[in-house]
Amino acid sequence: MSSQSSQEGYWRQAAQEYGAALERLAWAYEADSDRRRDLLQEIHLALWRSFAAFDGRCSLRTWVYRVAHNAAISHAIRRRKRNAPVFLSLEEIEALPDSQDLEATAGREQALARLLALVQQLDWIDRQLILAYLEDLDADSISQITGLSVANVWTKLHRIKNVLIRRFYSGATDAK
Amino acid sequence: MRSDYLPDDLKRLWKELASNPVAVSPDDLRRESRKLGSGLRLRNAFVTIACSLIIAAYAFFAWRSRTTPERIGAVLAVAGVANMIVQFLRRPARVMPGGTTESVRFYRLELERHRDFHRGKGIISWLLPCLPGPIIFNVAFALDRPAFAPIVALQLAVMLLAAALVVPLNLRVARKFQRRIEALDGSIQ
């Protein structure tokens, strides 16, 4: 396989397996829908370029998440706004998944918006950790992506999860 | 409900977020990748041409000037702008978000790069060498041609004011990046 076709092959595989996760990652970094689309394209472009140098020393998943987080960090630093305003437009609310149960759907949309708002407010490193956790990555994988030690990942995740869950459920109580 | 672990339903909730598949194709990415490369070349060419025009103008002044101070100023301006071209073309390339760099290290490298651009390297090696030449040239020009003195004085005032604002503003931004580096170091220990 030539390097160009392997580059395309890796990208296709990454887009297929992690496309949805990358989109969620973009949601976590950008509240504004136009900028989020730009960020997602930047991530895919960064992935495409990076695969020219992918040598298989780490797993495809680790590679994809590293590139995606790094591209998101670059994007966010360029914007120089630590906490972007958090809101969902009508189109975004409409884009949320359908459900047969309207009442349940409204509740889930609110819960999703609340969870997203909490994630978007986190510091970048904390945000990366919780994103990886929400995507079912284990501490070893998170350590490989971030470069933090496994013990550090555990400690920080423990703290972040406690804060997040406390705020999430206190928000739910407030909403009622 | 409140435990050391987030309940699984929060993970499931999170995964409901993505709803629109990405509409990018390999052809789009190839095109964007080429555009990125050509955009950088275009920017380099634009800066080089703009600086070359300034060099040509001051070289002309150095050749045609009536007084020695004017010539010295023009030569210094040529040297300052030439230095700017060299520094610009030799500037460290932006760290591309690759897969070999862990995200925390990448974040730190990006913060350092922005800090260094605003602190020291960016200002001292690019901007300051450009100032003495035009200042000497303009003062000498005004002394030799008193009729132009008000215009030259205004021009110098604007130039010095801009330089006086640019330096502290950049240093302030650099300090912000330094604080973020320190906060990052503190948070990962």
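Miscellaneous remarks
- Projected label distance in nm at B:ALA23 and A:SER6, using a 7 Å step from Cα toward the beta-carbon: 3.4 nm
- Ordering B:PHE141, B:PHE60, A:PHE168 by the number of other Cβ atoms within 10 Å of each residue's own Cβ, fewest first, gives B:PHE60, A:PHE168, B:PHE141.
- A DSSP coil position with no more than 15 other Cβ atoms inside 10 Å describes the following trypsin sites (Lys or Arg not before Pro) in the stretch B:58-160: B:ARG66, B:ARG90, B:ARG94.
- Taking the number of Cβ atoms within 10 Å of each Cβ as an exposure proxy, the fewest-first ranking of A:THR62, A:THR146, B:THR100, A:THR155 is A:THR155, B:THR100, A:THR62, A:THR146.
- Sites B:MET159 and B:ARG113 - FRET efficiency at Förster radius 22 Å, r taken between beta-carbons, to 0.05: 0.20
- The fewest-to-most ranking of A:TRP27, B:TRP126, A:TRP124, B:TRP63 by surrounding Cβ atoms within 10 Å reads B:TRP63, B:TRP126, A:TRP124, A:TRP27.
- Couplings 3J(HN,Hα) for the stretch A:130-142, derived from phi with the Karplus relation 6.51 cos²θ - 1.76 cosθ + 1.60 (θ = phi - 60°), are 6, 4, 4, 5, 5, 8, 6, 7, 8, 4, 4, 5, 5 Hz, where x marks Gly and Pro.
- Separation in nanometres of the label points that stand 7 Å from Cα toward Cβ, at B:LEU89 and B:LEU42: 2.1 nm
- The label point for B:VAL166 and the one for A:ASP138, both projected 7 Å from the Cα toward the Cβ, are 5.5 nm apart.
- Multiplying the residue separation of B:ALA149 and B:ALA79 by 0.36 nm and subtracting their alpha-carbon distance yields 22.7 nm.
- Cα centroid separation - the stretch A:114-136 against the stretch B:49-76, whole Å: 57 Å
Just so you know, all these numbers are worked out from the coordinates, no wet-lab data involved. What you see is a predicted model; the values in this text were computed from it and never measured. FYI the Cβ positions are ideal-geometry reconstructions off the backbone, even for glycines, and counts take in every protein chain you see.
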